[in-house]
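Chemist: Before we start, here is the structure in question, set down as structure tokens.
The values are calculated or read from the model by the stated rules, or taken from the named source; none is laboratory data. What you see is a predicted model; the values in this text were computed from it and never measured. No Cβ is skipped: glycine too gets one built from the backbone with ideal geometry, and neighbour counts run over all protein chains shown. Areas reflect the complete protein model, heavy atoms only, side chains present, ligands, DNA and RNA absent. Shrake-Rupley method; radii C 1.70, N 1.55, O 1.52, S 1.80 Å.
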Amino acid sequence: MAGGLVALLDDIVTLTKVAAASLDDVGAAAGKASVKAAGVVVDDTAVTPRYVHGFTPDRELPIVRKIAVGSIRNKLLIILPVAMLLSQFLPQALPYLLIAGGLFLSYEGAEKVYEAIGGGHHAEEEVAAERGPEFEKSMISGAIRTDLILSAEIMVISLSSVEDEPFWTRLAVLIVVAFLITALVYGVVGIIVKMDDIGLALAQRESTFSQTVGRGLVTAMPKIMSTLTVVGIAAMLWVGGHILIVNVGEAGFHWPADQLHHVEHWFGELVHGGFGGVLSWTAGTVLSALVGLVVGAIVVAILHVVPKRKKKDAAAH
């Protein structure tokens, strides 16, 4: 009896050690996967604040919270099952899904550029000023749709870094990454959108230094939000273009990815040392964004410009 109890305790200790080692492996793999997806995380963080711009301060954090909840649902209920099933049974389909996502992001970014140039952007600002519940709902839905594409890219990049791991390890890593990335992105977004309130609180303190910093934050926030809007649009074009280039190559047409690699290599060789790497990355980013803009502009033309012209021609006749 005693011997059996000791043997059972030994088994429990052994299983505990195995479980701890497995958790360590999952943690390490999740950290590696998160770092690999860092570029898209930055884009996600830059894109999201523009969906909160223009709302009253009391609605900012609730909107961010709703988008964050939608992001978790995207990752766990939509992307995770699809990614795991495809990676297990049909891994060759993943590039085509990402190409569709790249097209959507390129379209979203190019549409914003078109609105800014064509005047549609001002109409949106006029509606935003009303800040009605229907407009808020539409902005949240738009943010969650965009997040779906960015989250898919994050999850697939993370999956690619652990594709040789067993099924359950891959599943655990992606769940950890989903919560970790969502908390990081929307935590930072929450801080960004409430920075002006933090500035007001600091400006009301007795310390001269706090007042100076607070007034500086309040003054700077409109410019920061405008800059983030531009960065967010550029990020959608960059990520959308890059997704298209890379995954068109994964689908079998390697020329765009080869050209991107050649351009990055050429710029990287211009200057030796760390700055060469920065120059290479910048060239690749600009080229990816241009691809996203061109492809997105074609989709915008198909969906907006051509139908509008046909309506005008029909009305003229």
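Chemist: Keeping to segment 147-169, report how many residues are surrounded by fewer than 23 Cβ atoms within 10 Å (Cβ to Cβ) and part of a helix (DSSP H, G or I).
Modeler: Looking only at that region, the number is 6.
Chemist: Open to solvent by less than 80 Å² (accessible area, probe 1.4 Å) and either closer than 30 Å to Arg65 by Cβ or at pLDDT below 80 (or both), is that true of Glu126? Give the derivation first.
Modeler: Details: open to solvent by less than 80 Å² (accessible area, probe 1.4 Å): no; either closer than 30 Å to Arg65 by Cβ or at pLDDT below 80 (or both): yes.
Here the answer is no, as Glu126 does not meet what is asked.
Chemist: A further question on this structure: Would you point out the residue of segment 243-259, among those that are in contact with a Leu (Cβ under 6 Å, 6 or more places away or on another chain) and at pLDDT below 90, that is nearest to Met155 (Cα to Cα)?
Modeler: Ile243
Chemist: Go through segment 253-276 and count every residue that is among the hydrophobic types (A, V, I, L, M, F, W, C), open to solvent by less than 100 Å² (accessible area, probe 1.4 Å) and within 17 Å of Gly292 (Cα to Cα).
Modeler: Within segment 253-276, the subset among the hydrophobic types (A, V, I, L, M, F, W, C) is 253, 255, 257, 260, 263, 266-267, 270-271, 275.
Next, only the ones that are open to solvent by less than 100 Å² (accessible area, probe 1.4 Å) stay: 257, 260, 263, 267, 270-271.
Checking the rest, the ones that are also within 17 Å of Gly292 (Cα to Cα) come to 257, 260, 263.
Final tally of qualifying residues: 3.
Chemist: Arg73 - would you say it is closer than 24 Å to Val231 by Cβ and modelled with pLDDT of 85 or more? I'd like the intermediate steps shown before the answer.
Modeler: Details: closer than 24 Å to Val231 by Cβ: no; modelled with pLDDT of 85 or more: yes.
No, not satisfied.
Chemist: A further question follows. Restrict the check to segment 173-194 and report whether at least one residue is farther than 28 Å from Tyr107 by Cα and crowded, with 23+ Cβ neighbours inside 10 Å.
Modeler: Yes, there is a match, as at least one residue in segment 173-194 is farther than 28 Å from Tyr107 by Cα and crowded, with 23+ Cβ neighbours inside 10 Å.
Chemist: Could you tell me which numbered condition Ile198 fails, if it satisfies all but one of (1) modelled with pLDDT of 80 or more; (2) β-branched (Val, Ile, Thr); (3) crowded, with 16+ Cβ neighbours inside 10 Å?
Modeler: Failing condition for Ile198: (3).
Chemist: Taking segment 61-113, which residues are more than 15 Å from the chain's Cα centre (by Cα), charged (D, E, K, R) and open to solvent by 70 Å² or more (accessible area, probe 1.4 Å)?
Modeler: Arg65, Lys66
Chemist: Here's another thing I want to ask about it. Failed condition for Phe55, given (1) more than 28 Å from Leu228 (Cα to Cα); (2) open to solvent by less than 50 Å² (accessible area, probe 1.4 Å); (3) among the hydrophobic types (A, V, I, L, M, F, W, C), with all others met?
Modeler: Among (1) more than 28 Å from Leu228 (Cα to Cα); (2) open to solvent by less than 50 Å² (accessible area, probe 1.4 Å); (3) among the hydrophobic types (A, V, I, L, M, F, W, C), the lone unmet condition for Phe55 is (1).
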